Amino acid sequence: MSSLFKQIFKQIKKYNNIVIVRHTGPDPDALGAQLALRDILRDKFRRKNIYALGNPASRFKHLGTLDKLEDNMSNTMLIVLDTPDIKRIDGVNLKDYDYIIKIDHHPFVEAYADIELIDDTASSTCQILLEMFLSLNIHISTSVAEKLYTGIISDTDRFLHDYTSVKTFELVTKLLKLTKLDFTKVYAPLYTRPIEEIKFQGYIFQNLTLTENGVAYIKIDEDLLKEYGVDSASPGNMINELKFVKDIVIWVFFSEDIKSNLIRANIRSNGPIINDIASRFGGGGHKYASGARLTSWQQTDNLILELDKICLEYKSNK
């Protein structure tokens with residue numbers, strides 16, 4: 001891994017124009033990684049033009065501000081973070097770039113970069129970047145440390161998920177020692193929610209449907225979102241709350257996104273592998289935490305049926 005780290009920075013040194021992007025619908029790991037890498041490179045290479053592009057996520061605006069390009073640039077490198085496949089890259093066309101680097105912790109989906117750094121044993125893309133910065137003895141500011149730590153705790157759900165490893169804890173320990181980061185201050189902006197979301201969470205828990213084989217699901221349309229004063233991303237903020245419910249094996253929240261003309265599906269599992277199914281429905285992700293973007297409510301029914309089948313198989317094999 002360290003040789004790949006060196007190779008990446010060797011290529012970075014060759015380009016004066018660098019654009020950093022991540023997947024659509026960014027989470028704290030994607031945004032934290034993107035902004036941390038931008039700030040690290042700006043600090044290290046003061047004369048380079050370095051931009052973090054993509055649609056913003058208002059919920060995580062405390063992590064930092066994204067950039068805008070005034071004009072197309074020539075001889076430009078693109079760095080894509082936290083994105084295993086081309087269709088989920090936010091806001092750029094790969095053909096516009098002279099050299100592409102991918103850094104990701106999702107299982108491999110497709111190759112599209114000149115350098116593909118994939119570590120699917122890492123808890124997060126922020127963990128990979130942290131390892132890279134430490135390996136290359138690159139200075140990490142407190143601001144960058146906050147972004148990296150936020151990405152790691154978000155993707156691990158505060159070190160709860162099983163892809164949290166000894167390495168994760170070792171790297172975070174080094175980060176805390178080096179930067180004197182007050183990690184207690186990171187949690188409030190990430191987990192504080194308005195009362196509307198709490199009430200909405202109550203509605204979700206009261207109205208879940210549970211199949212015979214252990215799939216819990218709820219369908220949330222635009223009218224319901226308006227009634228509670230929340231947006232289509234809100235259900236995804238609550239998905240991990242069902243991890244320790246005894247009778248649930250897989251759970252999925254469907255929420256209608258009128259602006260994008262799609263239905264978001266947030267899927268979690270306590271056993272069956274779900275990312276293969278998610279990929280067949282226009283999404284993907286990790287073995288036990290995935291998402292999909294659907295175009296009709298009929299598709300949601302088809303996805304529920306597929307998830308129910310693997311729940312049955314899982315229970316039978318178990």
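Points to keep in mind about this one:
- Note on the chain: with a GNM built from Cα contacts shorter than 10 Å, the maximum mean-square fluctuation among Leu175, Leu117, Leu69 falls on Leu69.
- Distance from the Cα centroid of the range 181-254 to that of the range 30-74 is 30 Å (rounded to whole angstrom).
- Relative contact order of the range 195-317, pairs being alpha-carbon contacts under 8 Å that are 6 or more residues apart, as %: 21 percent
- Segment Asp96-Gln298, extension gain: residue separation times 0.36 nm, minus the distance between their alpha carbons: 69.0 nm
- Size of the range 2-190: Rg and Dmax of its alpha carbons, in Å, are 15.3, 45.
- Dipole magnitude for the range 195-317: computed about the Cα centre from +1 point charges on Lys and Arg Cβ and -1 point charges on Asp and Glu Cβ, it is near 400 debye.
- Label-point separation, Lys309 to Lys180 (7 Å along Cα→Cβ), nm: 5.8 nm
- Mean sequence separation of contacting Cα pairs (under 8 Å, at least six apart), scaled by the length of the chain, corresponds to a relative contact order of 12 percent.
- Within the range 114-145: backbone nitrogen closer than 19 Å to the Lys10 label point (7 Å, Cα to C-beta): 114-118, 132-138
- At 1.002 mPa s and 20 °C, Stokes D of the range 206-302 from Kirkwood alpha-carbon radius, µm² per second: 159 µm²/s
- Fully extending the segment from Thr142 to Lys259, taken as 0.36 nm per residue of separation minus the present Cα-Cα distance, adds 38.5 nm.
- About its Cα centre, the dipole of the chain is roughly 1180 debye, where the only charges are +1 on Lys and Arg Cβ and -1 on Asp and Glu Cβ.
- In the range 110-201, trypsin sites (Lys or Arg not before Pro) in a DSSP loop with at most 13 other beta-carbon atoms within 10 Å: Arg158, Lys180
- Over the range 2-190, Cα pairs under 8 Å with separation of 6+ residues give a relative contact order of 23 percent.
- All Cα pairs of the chain, percent lying beyond 37 Å: 17 percent
- Column: log10 I(q)/I(0), Debye, Cα scatterers of the range 111-220, q = 0.10, 0.12, 0.19 Å⁻¹: -0.44, -0.60, -0.99
- In this simple spin-label model, placing a label point 7 Å from the Cα along the Cα-to-Cβ direction at both Lys68 and Ile195 gives a separation of 3.6 nm.
Values in this text are rule-based calculations from the coordinates and carry no lab data. Here the structure is a predicted model, which means the values were calculated and not measured. Counting neighbours? That spans all protein chains shown, and the Cβs are built from the backbone with ideal geometry, glycine included.
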